[in-house]
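The values are calculated or read from the model by the stated rules, or taken from the named source; none is laboratory data. On a predicted model such as this, the values are computed, not experimentally measured, just so you know. No Cβ is skipped: glycine too gets one built from the backbone with ideal geometry, and neighbour counts run over all protein chains shown.
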Amino acid sequence: MCFFQALEPQISATIMELHHDKHHKTYVKNLNEAMEEQSKLYDAGDVQSQIDLQSKIKFNGGGHINHSLFWKNLAPADSEEAKGGDEVKGAIAQNWGCFEAFQGNFTEALNGIQGSGWGWLVKNDDGSLHIETTQNQDPITHGVPLLGVDFWEHAYYLQYYNDKASYIDSVYQVINWDVVEQRWNGSAEKLEL
Ligand code: MN3
């Protein structure tokens, strides 16, 4: 099976290829440019221009972080990984009463995003869990993001058009619950950026 076809039929190879090789790549390129620029401005002691650069770093750095997390928390629907994560699913069920209640709340959160953004399951510092959405490419900067779902049109439009509900249903089928569990119990590999 080819790399970009791995999530079919839930997410098409065309979406995956464009999403990974065009969208994510652009965030990385722009982030690298901004970081280089910032380093020069730092050396030059130019604080004003460094401040001016922060939104570019936030947008592209967030884009890089978010997509790096997203690819890793996806797996083919028929894989063991998509069926795994019993322990974290237990913790989720405990937090929301049952797993289906979490899923309902997560769906509601995704549908509540205005414009482009992300839906997240986050582990708080005290071990409890919460659902959070972020606008644009804002990353989660407190707690541990366990699961991220890209809710930009580029993540689904070529296949699902305006049918966000079907995209959400499909994404639930391709979650890598093993990875979600590893992030939750602290055994996940550190994200290399
Ligand atoms: Mn995206």
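Got at least one residue in segment 171-181 being within 12 Å of the ligand (Cβ to nearest atom), within 17 Å of MET16 (Cα to Cα) and among the aromatic types (Phe, Trp, Tyr)? The answer is no, given that none of the residues of segment 171-181 is within 12 Å of the ligand (Cβ to nearest atom), within 17 Å of MET16 (Cα to Cα) and among the aromatic types (Phe, Trp, Tyr). When LEU18 is tested against (1) at pLDDT 95 or above; (2) in a loop (DSSP other than H, G, I, E, B), exactly one condition is not met: (2). The residue pairs whose first member lies in segment 165-193 and is surrounded by 12 or more Cβ atoms within 10 Å (Cβ to Cβ), whose second member is hydrophobic (A, V, I, L, M, F, W, C) and part of a loop (DSSP other than H, G, I, E, B), and whose beta carbons are closer than 6 Å, counting only pairs six or more residues apart or on different chains, are GLN173/ALA77; VAL174/LEU7; VAL174/ALA77; ASN176/ALA75; GLN182/ALA188.
Filtering segment 139-167 to residues that are more than 15 Å from the ligand (Cβ to nearest atom) and assigned to a helix (DSSP H, G or I) leaves ALA165, SER166.
When segment 72-94 is filtered for residues that are surrounded by fewer than 17 Cβ atoms within 10 Å (Cβ to Cβ) and part of a helix (DSSP H, G or I), the ones remaining, listed by number, are GLU80, LYS83, ASP86, GLU87, LYS89, GLY90, ALA93, GLN94. Filtering segment 134-193 to residues that are of a type in the set (D, E, K, R) and at pLDDT 95 or above leaves ASP138, ASP150, GLU153, ASP163, LYS164, ASP169, ASP178, GLU181, ARG183. Against the criterion of being within 16 Å of the ligand (Cβ to nearest atom), part of a loop (DSSP other than H, G, I, E, B), touching a residue at least 40 places away in the same chain (Cβ under 8 Å) and buried (at least 17 other Cβ atoms within 10 Å of the Cβ), LEU7 qualifies.
Taken over segment 104-132, the criterion of being polar (S, T, N, Q) and more than 17 Å from ILE175 (Cβ to Cβ) is satisfied by ASN111, GLN114, SER116, ASN124, SER128.
Restricting attention to segment 168-193, the residues that are in a loop (DSSP other than H, G, I, E, B) and under 11 Å from ILE11 (Cα atoms) add up to 1. The residues of segment 60-83 that are among the basic types (Lys, Arg) and either without any contact (Cβ under 8 Å) to a residue 12 or more places away in the chain or more than 16 Å from the ligand (Cβ to nearest atom) (or both) amount to a single one, LYS83. Checked against (1) of a type outside the set (Gly, Ala, Ser); (2) free of Cβ contacts under 8 Å to residues at least 24 places away in the same chain; (3) crowded, with 17+ Cβ neighbours inside 10 Å, GLU36 passes all but a single condition, namely (3).
Against the criterion of being aromatic (Phe, Trp, Tyr) and farther than 27 Å from GLY97 by Cα, TYR167 does not qualify. Does ALA101 fit the bill of being surrounded by 16 or more Cβ atoms within 10 Å (Cβ to Cβ) and either farther than 30 Å from LYS29 by Cα or more than 16 Å from the ligand (Cβ to nearest atom) (or both)? For ALA101, the condition - surrounded by 16 or more Cβ atoms within 10 Å (Cβ to Cβ) and either farther than 30 Å from LYS29 by Cα or more than 16 Å from the ligand (Cβ to nearest atom) (or both) - is not met. If you go through segment 19-59 and keep only what is within 13 Å of the ligand (Cβ to nearest atom) and either over 19 Å from PRO76 (Cβ atoms) or in contact with a Gly (Cβ under 9 Å, 6 or more places away or on another chain) (or both), you end up with ASP21, LYS22, HIS23, HIS24, LYS25, THR26, TYR27, VAL28, PHE59.
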